[in-house]
Amino acid sequence: MLLLTSPALALSAFLCFFAAVSAENPYRFFTWNVSYGDIYPLGLRQQGILINGQFPGPDIYCVTNDNLIINVFNSLDEPFLISWNGVQQRKNSYEDGVYGTTCPIPPGKNFTYILQVKDQIGSFYYFPSLAFHKAAGGFGAIRILSRPLIPVPFPDPAGDYTLLVGDWYSSNHTTLKARLDLGKKLPFPDGILINGGANRTSFIVEQGKTYRLRISNVGLQHSLNFRIQGHQMKLVEVEGTHTLQTTYSSLDIHVGQSYSVLVTADQPAQDYYIVVSSRFTNPVLTTTGTLRYSNSTGPVKGPLPGAPTIEVGWSLNQARSIRTNLTASGPRPNPQGSYHYGLVNTSRTIILESSAGLINSKQRYAVNRVSFIPADTPLKLADFFKIGGVFRVGSISDRPTGGGMYLDTSVMGADYRAFVEIVFQNNENIVQSWHIDGYSFFVVGMDGGQWSESSRGQYNLRDAIARSTIQVYPLSWTAIYMSLDNVGMWNIRSEFWARQYLGQQFYLRVYTPSTSLRDEYPIPKNALLCGRASGRHTRPL
């Protein structure tokens with residue numbers, strides 16, 4: 001097992017392979033120490049996961065096509081992994097940082113992630129993907145800026161702020177994990193956080209100026225509503241796509257999702273509430289921050305601005321109003337609408353139906369009846385080394401089959417360059433949230449009831465938003481189109497973290513027999529090897 005112990009070695013290993021591909025793109029180096037520490041998110045001391053002593057962790061600032069060299073030292077007493085929510089890892093699923101692709105970093109060791117934010121812009125975040133660590137922190141924001149010569153469809157804001165919001169438990173993550181391991185459900189959360197705290201975050205603005213807020217729901221299970229007292233928000237970007245610039249008084253942000261809004265300080269000079277509250281819950285959890293004018297003449301006052309609480313129809317209509325700005329450039333100097341997804345014929349329809357129930361008298365969750373269990377070896381490594389018996393392609397059906405839930409290491413096969421339709425069918429009375437690693441997809445439709453072929457008649461085939469995380473409303477369906485242009489082993493999962501932990505996930509193996517570097521990069525030279533891949537060799541440094 002080879003561990004890179006310095007940025008210089010990491011860069012050397014990277015250049016040996018990637019120089020011909022991306023030598024013109026800048027490198028950004030990060031050294032992170034992951035440790036436990038005392039945090040006080042709800043006012044009481046608890047153990048959290050810190051990165052360089054920070055909770056939340058440090059922001060990643062970068063530009064389209066930058067190479068990120070992130071050397072992570074694991075000072076915890078257990079294995080650790082970081083994943084990069086929304087970063088597509090083009091041709092490079094080995095760096096995705098989930099257990100199906102990447103061996104964990106052992107306690108007391110380090111690993112250098114070598115990844116490129118290829119052809120991406122926008123707002124994303126990173127998080128710990130193992131052992132329910134996400135409930136202890138270890139997350140932070142990722143900000144990918146456009147290259148200087150690529151036009152952005154709005155003037156430069158006076159400031160650019162990150163807001164990581166999410167539900168939170170005062171119990172230690174090990175206590176929550178033990179509860180799940182016993183086959184029990186999570187209790188109701190204890191609060192809502194903004195940037196690691198409740199009722200204490202503030203942002204200073206100057207009157208008359210406009211600011212960009214990047215908001216990510218990094219929580220464990222609840223949709224949230226975001227609003228600012230007395231101010232309107234203009235939506236401009238969703239997970240890497242510039243949107244039609246629609247104005248909202250409040251915005252639903254479901255688990256795992258990221259939004260950018262512009263807010264103009266156009267009100268009388270004082271302090272105003274920033275409010276985040278839970279959606280579709282009883283009771284409603286609420287936390288506040290402060291938008292503070294630099295020339296404020298008084299403290300925050302008045303009642304909190306109201307918001308919807310359980311109204312699904314309101315949220316559905318808002319979701320349908322979020323559209324792609326077809327004339328704006330994305331990461332490249334061409335309009336986002338230059339790819340006419342609505343004119344491409346789909347080659348396959350995949351229907352994914354969620355379910356919840358008991359297996360061996362313990363709570364489990366499933367997709368198309370299969371409740372995922374991790375293998376003893378990361379699936380991508382088993383695939384590369386041709387290790388048999390780790391997983392079976394086709395161990396999950398691409399349609400619901402009926403019958404009871406069962407345990408398996410579920411992997412679905414798919415062909416490189418196929419253009420597929422995926423339908424998420426939710427027959428439960430909760431709002432769900434789903435994420436697909438390695439991709440951005442077009443959200444072409446969503447509605448109540450059971451999806452059928454006639455549902456395609458209401459699809460948006462012109463300006464559907466492209467993103468990587470999508471909600472599915474209760475007793476409803478959501479349909480997406482996706483071009484399988486990224487070879488690899490990709491995690492499809494519930495963003496409700498207890499559901500993901502208890503089996504509501506699987507891997508999509510996007511395969512080509514080609515071994516060309518144009519299609520997929522080879523295994524990294526510094527890849528950690530574990531399980532049945534231990535003792536094998538990648539490539540010489």
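The values are calculated or read from the model by the stated rules, or taken from the named source; none is laboratory data. Quick caveat, the model's predicted, so the values are computed rather than measured. Neighbour counts run over all protein chains shown; Cβ positions are idealised from the backbone, glycine included. The area values use the complete protein model at the heavy-atom level, side chains included, leaving out ligands, DNA and RNA. Shrake-Rupley method; radii C 1.70, N 1.55, O 1.52, S 1.80 Å.
Out of F496, F506, report the one residue that is modelled with pLDDT of 95 or more and either within 20 Å of S397 (Cβ to Cβ) or surrounded by fewer than 24 Cβ atoms within 10 Å (Cβ to Cβ) (or both).
The conditions single out F506.
Just name the residue that is least open to solvent (accessible area, probe 1.4 Å) out of those in the range 2-37 that are modelled with pLDDT under 95 and part of a loop (DSSP other than H, G, I, E, B).
Among them, the one singled out is L4.
Which one of P308, P335 is outside the structural domain of E239 (by the TED database) and either open to solvent by less than 20 Å² (accessible area, probe 1.4 Å) or touching a residue at least 60 places away in the same chain (Cβ under 8 Å) (or both)?
Checking each option against the conditions leaves just P308.
Of the residues that make up the range 313-324, is at least one at pLDDT below 95 and open to solvent by 50 Å² or more (accessible area, probe 1.4 Å)?
no
Check off (1) charged (D, E, K, R); (2) within 23 Å of P331 (Cα to Cα); (3) under 21 Å from the mean Cα position of the chain (by Cα) for R417 and give me the number that stays unchecked.
Every listed condition holds for R417 apart from (3).
Within the range 65-115, which residues are crowded, with 23+ Cβ neighbours inside 10 Å, within 24 Å of H173 (Cα to Cα) and more than 20 Å from the chain's Cα centre (by Cα)?
Those that are crowded, with 23+ Cβ neighbours inside 10 Å, within 24 Å of H173 (Cα to Cα) and more than 20 Å from the chain's Cα centre (by Cα): I105, F111.
Do we find that D167 is open to solvent by 10 Å² or more (accessible area, probe 1.4 Å) and charged (D, E, K, R) in this structure?
no
Run I204 past the list (1) open to solvent by less than 50 Å² (accessible area, probe 1.4 Å); (2) not in a loop (DSSP other than H, G, I, E, B) and report the number of the one that doesn't hold.
Going through the list (1) open to solvent by less than 50 Å² (accessible area, probe 1.4 Å); (2) not in a loop (DSSP other than H, G, I, E, B), I204 breaks only (1).
If you scan the range 276-290, which residues turn out to be open to solvent by less than 10 Å² (accessible area, probe 1.4 Å) and either in contact with a Gly (Cβ under 9 Å, 6 or more places away or on another chain) or not in a loop (DSSP other than H, G, I, E, B) (or both)?
V276, S277, S278, T287, G289
Can you tell me which residues in the range 121-146 are out of contact with any helix residue (DSSP H, G or I) (no Cβ under 9 Å at 6 or more places or on another chain) and not in a loop (DSSP other than H, G, I, E, B)?
G122, S123, F124, Y125, Y126, G140, A141, I142, R143, I144, L145
Being hydrophobic (A, V, I, L, M, F, W, C), under 30 Å from H537 (Cβ atoms), modelled with pLDDT of 95 or more and in a loop (DSSP other than H, G, I, E, B) narrows it down to one residue among A375, A382; which is it?
Going through A375, A382 in turn, just one is hydrophobic (A, V, I, L, M, F, W, C), under 30 Å from H537 (Cβ atoms), modelled with pLDDT of 95 or more and in a loop (DSSP other than H, G, I, E, B): A375.
Residues in the range 222-241 that are open to solvent by 40 Å² or more (accessible area, probe 1.4 Å) and among the polar types (S, T, N, Q): how many?
1
Right, V344: within 28 Å of Y169 (Cβ to Cβ) and either without any contact (Cβ under 8 Å) to a residue 24 or more places away in the chain or surrounded by fewer than 17 Cβ atoms within 10 Å (Cβ to Cβ) (or both) or not?
Considered against the rule, which asks whether it is within 28 Å of Y169 (Cβ to Cβ) and either without any contact (Cβ under 8 Å) to a residue 24 or more places away in the chain or surrounded by fewer than 17 Cβ atoms within 10 Å (Cβ to Cβ) (or both), V344 comes out as no.
Just to be sure I understand, how many residues within the range 524-538 are touching a residue at least 40 places away in the same chain (Cβ under 8 Å) and either open to solvent by 70 Å² or more (accessible area, probe 1.4 Å) or more than 15 Å from I387 (Cα to Cα) (or both)?
Residues in the range 524-538 being touching a residue at least 40 places away in the same chain (Cβ under 8 Å) and either open to solvent by 70 Å² or more (accessible area, probe 1.4 Å) or more than 15 Å from I387 (Cα to Cα) (or both): 7 in total.
With the structure loaded, tell me whether V444 is open to solvent by less than 10 Å² (accessible area, probe 1.4 Å), β-branched (V, I, T) and more than 21 Å from Y511 (Cα to Cα) or whether it fails that test.
Answer is yes for this residue.
Please specify each residue of the range 178-201 satisfying the condition of being open to solvent by 60 Å² or more (accessible area, probe 1.4 Å), touching a residue at least 12 places away in the same chain (Cβ under 8 Å) and not aromatic (F, W, Y).
Correct list: L182, K184, K185, D190, N199, R200.
Within the range 448-492, restricting attention to residues that are surrounded by fewer than 24 Cβ atoms within 10 Å (Cβ to Cβ) and on the phi > 0 side of the Ramachandran plot, which residue is farthest from the chain's Cα centre (by Cα)?
Step by step, filter the range 448-492, then rank; the result is G449.
Residues that are touching a helix residue (DSSP H, G or I) at 6+ places or on another chain (Cβ under 9 Å), within 30 Å of D519 (Cα to Cα) and in contact (Cβ under 8 Å) with a residue 12 or more places away in the chain: list the strands (runs of 3 or more DSSP E) wholly contained in the range 38-120 that include at least 3 such residues.
Result: 67-74, 110-116.
Can you run down the residue pairs with Cβ atoms below 8 Å, 6 or more apart or on separate chains, where the first is in the range 503-516 and in the same structural domain as D408 (by the TED database) and the partner is open to solvent by 10 Å² or more (accessible area, probe 1.4 Å) and basic (K, R)?
G503/R364; T512/R417
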